[in-house]
Amino acid sequence: MMGQRGLGQSAGVPPSRREFLRRLGSGAVAGSMAASVAGVAAGRATEGRVRHRTLGKTGLEVSEIGFGGHSWAYPRVPTGNGGFRRPTVDEAVEMLAAGLDMGVNFIDACTPHEEHIVPGQALKRLGKRDQMIISGRCCHKMKGRPQDKEEVYKFVDERLRMWQIEHFDLLMLTNTENDTPQSGLWDMSYSIEALEKLKQQGKIRFAGFGAHFTPAGFLYAFKHYAKDFDVCSLPYNIRHRVAEQIMPVAKKVGLGVVTIKPFARGSLLKGHEEEPGLARDMISFVLENPNLDVCICGVHTIEHVRENFSASWTALTPERRQRLEGLAARTPCPQHRWLEEGWLHA
Ligand SMILES: NC(=O)c1ccc[n+]([C@@H]2O[C@H](COP(=O)([O-])OP(=O)(O)OC[C@H]3O[C@@H](n4cnc5c(N)ncnc54)[C@H](OP(=O)(O)O)[C@@H]3O)[C@@H](O)[C@H]2O)c1
C-alpha cells in the first residue's frame, strides 16, 4: 500500500535538505510521513515508530534499525569551522532518547576503547538500560589459541565497566579483513569455550560473529558453527549485495541477522549530502529484505537519527529505487577493498 509521497520523494518540487530535516524534527512530520508508509510487513508500519523483528533463535524482539557503534567513535560532528569532533554525552543522550521514543532498542558497541564510555554514560543518565539490547563487539582474532580465551574475558570485563552495565545482551566476535583461514581463523573452539563461560557467568546472554568474513567464510561458519552462535553480522547495502544470497542460509540455520554498512560507511552518500532522503532511502532498501533482523547505521547527529530511523515507515518508491541503483552502480568504494572485492554482486 503506497499512499502519497514522503518527504524527499519527488512530488513536484522536492524540499531542500534543510527543509527536509526541519520537517523531520517537527510534529508535523508524523502526519505527512503517515501517508508514505510502505507497510512492508503487511501494512503494519506506523509513522514515528520503528518496527520490530525477531532476532533469530535469541527470540529477542529488536527494532529493525539500530544505533551503530561507530556513531560515538569517530570525530564526524561538524564543528562549524571546518573541523570535526566526536558526539558529546549530552548529544548521545539526545540521540538515544529520540531513538527510544521511536521504539529503537538495539545498540551496537563496536567502538574503540576510550569511546565506550559515551553511550554507557548516556544510557545511564536516561535510566533506560533495560530498554536497550546492547550488542558488544569483541575484536578478537578467533585464531583458536588457548590464550585467546583470556583476551576475550579481559575484553568483556573492561567493556562492561566502561558501559557501566552488568551484562551484554549479545557479544559478537569480530575478525579483521587480514584474518584468513590459513591464519587459523576458522578454529573457533577456544572462542566458543570462552563464550560459554561468559554466558554461565551471566556476563553475556547471546553470542554472535561477524563481520569481515568473505562470503564463502560465512557459509563455512554457518555449516560448522551455527549451533554455537545465535546471531551473525554482515555487510549489506544497495551496492554490496552478496548478502542477499547468504542471509537466507543464516535464517535457515536459525541465526539472527544484523546488517552493517547501509551506506558503505558513508561512501555511498559522498557528494550527495544535500539530497533529501537519500540516507533514509538506502535504509528503506535494506529493510525490504525479510531475511535480516536489524540494520545498524552510524549516526553522528540528531538529524541523522531522525532521518535514518524514519526509513522504517517510509516506502521506497520505484523511482527512488531506480535512483539508488544508478547511484550504487557508479559509486565505487575503493577504501573498502574487502567489500568491493567480496560483496559487490548478488
Ligand atoms: N568490524 C565490525 O564489526 C564492524 C565494521 C563496520 C561496522 N560495524 C558496525 O556497523 C555500523 C554501521 O556501519 P558504518 O558505521 O561502518 O557505516 P554506515 O552506517 O554505512 O555509514 C555511517 C556514515 O554514514 C553517514 N551518515 C549516516 N547517516 C547519515 C545521514 N542521514 N545523512 C548523511 N550522512 C549520513 C555518516 O557519515 P559522516 O558523519 O562521516 O558524514 C556516518 O559516518 C557501525 O557503526 C558499527 O556498529 C561493525
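Some points to look at:
- Residue match in the range 110-126 (condition: modelled with pLDDT of 95 or more, under 17 Å from the mean Cα position of the chain (by Cα) and open to solvent by less than 20 Å² (accessible area, probe 1.4 Å)): no
- Of the residues making up the range 272-285, not a single one is of a type in the set (A, V, I, L, M) and more than 9 Å from the ligand (Cβ to nearest atom).
- Residues of the range 49-80 satisfying the condition of being within 16 Å of the ligand (Cβ to nearest atom) and without any contact (Cβ under 8 Å) to a residue 12 or more places away in the chain: P75, P78, T79, G80
- Members of the range 219-245 found to be aliphatic (A, V, I, L, M), in a helix (DSSP H, G or I) and either within 14 Å of L287 (Cα to Cα) or more than 16 Å from the ligand (Cβ to nearest atom) (or both), listed by number: L219, A226, A243
- The set of residues in the range 213-244 being touching a helix residue (DSSP H, G or I) at 6+ places or on another chain (Cβ under 7 Å) and of a type in the set (D, E) consists of D228, D230.
- Filter result (assigned to a helix (DSSP H, G or I) and of a type in the set (D, E, K, R)) within the range 117-132: K124, R125, R129, D130
- Qualifying residue in the range 188-200 (condition: in contact with an Asp or Glu (Cβ under 9 Å, 6 or more places away or on another chain), outside any strand (DSSP E or B), within 30 Å of S267 (Cβ to Cβ) and open to solvent by less than 10 Å² (accessible area, probe 1.4 Å)): no
- Qualifying residue in the range 166-175 (condition: touching a helix residue (DSSP H, G or I) at 6+ places or on another chain (Cβ under 6 Å), in a helix (DSSP H, G or I), crowded, with 20+ Cβ neighbours inside 10 Å and at pLDDT below 90): no
- Looking across the range 259-289, just one residue is closer than 15 Å to A243 by Cα, free of Cβ contacts under 8 Å to residues at least 40 places away in the same chain and surrounded by fewer than 24 Cβ atoms within 10 Å (Cβ to Cβ), and that is F263.
- Residue count for the range 294-318 under the criterion of being near the ligand (Cβ under 6 Å from one of its atoms) and assigned to a helix (DSSP H, G or I): the result is 3.
- Scope the range 230-258; condition open to solvent by 10 Å² or more (accessible area, probe 1.4 Å) and without any contact (Cβ under 8 Å) to a residue 40 or more places away in the chain; matching residues: V249, K252, V253
- Check on L344, more than 16 Å from the chain's Cα centre (by Cα), outside any helix (DSSP H, G or I) and surrounded by fewer than 23 Cβ atoms within 10 Å (Cβ to Cβ): yes
- All positions within the range 314-333 that are open to solvent by 10 Å² or more (accessible area, probe 1.4 Å) and in contact (Cβ under 8 Å) with a residue 12 or more places away in the chain: L316, T317, E319, R320, R321, R323, E325, A329, T331
The values are calculated or read from the model by the stated rules, or taken from the named source; none is laboratory data. Everything numeric here is computed off the predicted structure, so don't read it as measured data. Virtual Cβ from ideal backbone geometry, glycine too; neighbours counted across all protein chains shown. In case anyone asks, the SASA skips ligands and DNA or RNA and just uses the protein heavy atoms, side chains included. Shrake-Rupley method; radii C 1.70, N 1.55, O 1.52, S 1.80 Å.
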